[in-house]
Each structure stands twice: as structure tokens, then as C-alpha cells.
Amino acid sequence: MNFFRKLFKKKNPENEMDQILDNLFGKNDEDINLVVAFLNDKIMPIDRGEIYEDPLDKFLKENKIGEVLGAGTTQSPSGELDWCNIDIQMYSDKIDKNNVQLIIDKLTELGAPKGSRIVIDKTDERICFGKKEGLGIYLDGINLSKEVYEQYDSNIVLDKIKKLTKDNSNATRYWQGKNETALYFYSDSFDKMKDSIKEFVDEYPLCENARIEQIA
């Protein structure tokens with residue numbers, strides 16, 4: 001259960017989103033149009049770059065829409081991954097709603113989960129988007145027997161559930177807390193994912209006491 005490691009400082013999700021907007025938009029020159037995409041995806045920074053930032057930046061530049069300025073990942077007070085943001089500079093003098101929709105469509109194509117949203121600087125308009133649904137399974141890290149932790153591998157749980165849920169993403173999404181380890185999966189339907197892993201979760205010893213939550 002120790003193949004995970006923490007990568008971030010803890011942040012308060014209730015204040016962090018507005019703080020990011022204040023920091024970015026508050027310093028914004030009036031001639032620059034900014035858009036921030038908040039993705040309801042519990043994804044690590046390197047994977048975030050490969051799956052979202054790089055292809056989005058390429059798309060924006062090729063279509064002369066804009067470019068990615070930066071990005072970040074936020075944790076809840078417990079340390080669990082919460083969401084990530086991508087900051088976008090638009091090339092046009094005014095916000096073109098058609099270009100905003102193109103950004104939304106591209107991020108959706110790249111796998112943005114439900115509960116994601118776009119925030120437009122000048123108007124503070126917030127647009128919800130995303131299609132993928134998410135499942136988190138939280139493995140008990142303290143109450144099982146020593147033999148179970150020694151003989152069974154959370155990598156097997158990760159690989160097996162990824163196949164069963166038809167999570168086709170190249171990213172590995174996880175978090176290790178003091179008392180539990182979370183694995184995250186995204187596909188078309190939470191209910192179908194939950195049904196597909198029931199037999200495995202019931203039978204694999206490391207999944208005893210595990211809780212399952214819908215995360216998108």
C-alpha cells in the first residue's frame with residue numbers, strides 16, 4: 001500500500017478557487033482576456049499536463065484562439081486531490097462565445113468529468129461542462145490483518161478495476177492518506193462502473209471494508 005506518495009501542499013477548497021481567480025484576474029491587464037477551466041478531475045500534475053494542458057495548448061494555438069498560461073492542482077484539507085485548473089489567455093480583444101465553446105468541446109473530448117466549469121474573466125460567467133462520471137474506491141489502510149497488507153497488492157486493485165470500469169485514460173489517479181488509500185476511475189457511467197467491480201471488490205481481500213463514492 002506504500003507505492004503512492006504525496007506531491008502537494010494542502011489547501012482549502014472552499015477558498016482556493018476564488019483565490020486563484022482573484023490572483024489571476026486581479027492582476028489582469030484590461031487588454032488581456034482570460035478564461036480559467038476548473039476540471040473536476042483528481043489527476044496528478046504530470047498527467048494533467050499530458051492529458052489536458054499540452055493538447056489543449058496545441059489546439060488553441062493551431063486555431064489562433066489563445067494559449068495555456070499555466071495550471072494547478074488543489075487538495076482538500078485532508079490532503080486528498082480535489083480538482084485542477086488550467087489558465088487560458090484568449091487572443092481576441094473580446095471574449096468570443098464560439099471560441100469558449102470550442103475550448104469546452106476540446107476539454108470534454110480530452111475527458112473532462114462532469115462538474116467541471118469554465119470561468120470567464122471579464123464577466124465572471126461560469127459554465128458547467130463535462131461528460132465522464134467518476135468512481136473513487138477508498139481502501140482501508142489500518143484495520144485489515146498484517147497478512148493481507150503483505151500478501152495483496154494495491155497495484156492489482158488499480159489494474160483490475162481500471163479494466164473492469166473501461167477507464168481508457170493513460171493516467172493513474174490515486175491518493176494515499178493516513179488511514180486509507182483512494183483510487184479514482186472515470187468512464188461513461190458511475191452505476192455501470194460500480195456494478196462491474198462488485199464481484200472483484202467482494203472477493204479481493206485488500207478491498208475488505210472499502211468504500212465506494214461517486215466523484216463526478
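The values are calculated or read from the model by the stated rules, or taken from the named source; none is laboratory data. Bear in mind the structure is a predicted one, so any value in this text is a computation, not a measurement. Positions of Cβ are generated from backbone atoms using ideal geometry, with glycine treated the same way; all protein chains shown enter the neighbour counts. Note: areas computed on protein heavy atoms with side chains; ligands, DNA, RNA excluded. Shrake-Rupley method; radii C 1.70, N 1.55, O 1.52, S 1.80 Å.
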Checklist entry - Restricting attention to the range 39-51, and to residues there that are assigned to a helix (DSSP H, G or I) and under 10 Å from the mean Cα position of the chain (by Cα), which single residue is surrounded by the fewest Cβ atoms within 10 Å (Cβ to Cβ)? => result PRO45
Checklist entry - Regarding ASN143, is this residue surrounded by fewer than 20 Cβ atoms within 10 Å (Cβ to Cβ) and farther than 23 Å from GLU208 by Cβ? => result no
Next on the checklist: One residue is enough: does the range 195-212 have a residue meeting the conditions within 16 Å of the chain's Cα centre (by Cα) and either within 25 Å of GLY79 (Cα to Cα) or assigned to a loop (DSSP other than H, G, I, E, B) (or both)?
Outcome noted: no
Next on the checklist: Looking only at the range 57-75, count every residue that is part of a loop (DSSP other than H, G, I, E, B) and either of a type in the set (Phe, Trp, Tyr) or surrounded by fewer than 17 Cβ atoms within 10 Å (Cβ to Cβ) (or both) and tell me the total.
Outcome noted: 2
Checklist outcome for this item: Subset of the range 167-194, residues among the aromatic types (Phe, Trp, Tyr) and in a helix (DSSP H, G or I), comes to PHE190
Next on the checklist: Being buried (at least 17 other Cβ atoms within 10 Å of the Cβ), in a strand (DSSP E or B) and touching a residue at least 60 places away in the same chain (Cβ under 8 Å) is the requirement here; does ASP82 meet it?
Outcome noted: yes
Item to check | Scope the range 180-208; condition touching a strand residue (DSSP E or B) at 6+ places or on another chain (Cβ under 8 Å), open to solvent by 60 Å² or more (accessible area, probe 1.4 Å) and farther than 19 Å from PRO113 by Cα; matching residues | outcome: GLU208
Next on the checklist: Which count do you get for residues in the range 176-197 that are within 17 Å of LEU158 (Cβ to Cβ) and of a type outside the set (Gly, Ala, Ser)?
Outcome noted: 10
